[in-house]
Amino acid sequence: MRWWDIGPVLELEHELFPEDAWSAGMFWSELAHARGPRATRRYVVAQDADGRLVGYAGLAAAGDLADVQTIAAARDQWGTGLGARLLTDLLRAATAFECAEVLLEVRVDNARAQKLYERFGFEPIGFRRGYYQPGNVDALVMRLTDPAQARTESSESNG
């Protein structure tokens with residue numbers, strides 16, 4: 001993701017997450033840590049054949065722990081494997097950052113995303129009550145140990 005992607009990312013963000021969408025400032029802040037020799041973030045975008053932004057994802061790394069900050073695919077891309085490809089990219093980045101674990105929060109009412117994460121080996125470890133505001137929706141916290149050994153999109157298709 002680059003600065004010029006923020007506008008299209010925000011459009012998709014507000015479409016998919018109208019109650020708790022990130023602001024432009026949040027994306028700018030994350031991108032400030034995504035470049036250079038001391039980068040601690042990985043942000044990617046996906047475009048369709050026409051160049052339309054159809055997905056994005058981000059990961060933050062600190063020490064041996066990574067956190068999936070965001071992952072989203074346009075509704076017309078659901079079921080195409082885009083989410084799995086984005087997550088695969090993030091897990092490769094976690095490995096490159098030498099992270100031993102990856103954490104994420106997912107809305108308790110987002111069964112589609114939970115199934116994706118479970119396919120990759122993430123396991124539920126707890127809840128964060130009222131995490132998503134202003135809707136006061138709980139988050140399921142999930143953890144993946146050893147992202148280098150995760151069941152990624154490429155390993156599933158080669159299996």
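Taken over the range 115-136, the criterion of being over 16 Å from the mean Cα position of the chain (by Cα) and touching a residue at least 60 places away in the same chain (Cβ under 8 Å) is satisfied by Gln133, Pro134, Gly135.
Within the range 50-67, not a single residue is surrounded by 17 or more Cβ atoms within 10 Å (Cβ to Cβ) and part of a helix (DSSP H, G or I).
Is there a residue being part of a strand (DSSP E or B) and closer than 25 Å to Asp146 by Cβ anywhere in the range 80-102? The answer is yes, given that some residue of the range 80-102 is part of a strand (DSSP E or B) and closer than 25 Å to Asp146 by Cβ. Among residues of the range 17-41 that are at pLDDT 85 or above and assigned to a helix (DSSP H, G or I), those with a Cβ under 7 angstrom from a residue that is hydrophobic (A, V, I, L, M, F, W, C) and open to solvent by 40 Å² or more (accessible area, probe 1.4 Å), sequence gap 6+ or separate chain, pair up as Leu31/Trp3. Every condition in (1) open to solvent by 40 Å² or more (accessible area, probe 1.4 Å); (2) at pLDDT below 95; (3) assigned to a strand (DSSP E or B) is met by Arg143 except one, and the failing one is (2).
The values are calculated or read from the model by the stated rules, or taken from the named source; none is laboratory data. Everything quoted here is computed from the prediction, not taken from an experiment. Glycine also receives a Cβ, built like all others from the backbone with ideal geometry; neighbour counts cover every protein chain displayed. Quick note on the areas: whole protein, heavy atoms, side chains included, nothing else; ligands and nucleic acids left out. Shrake-Rupley method; radii C 1.70, N 1.55, O 1.52, S 1.80 Å.
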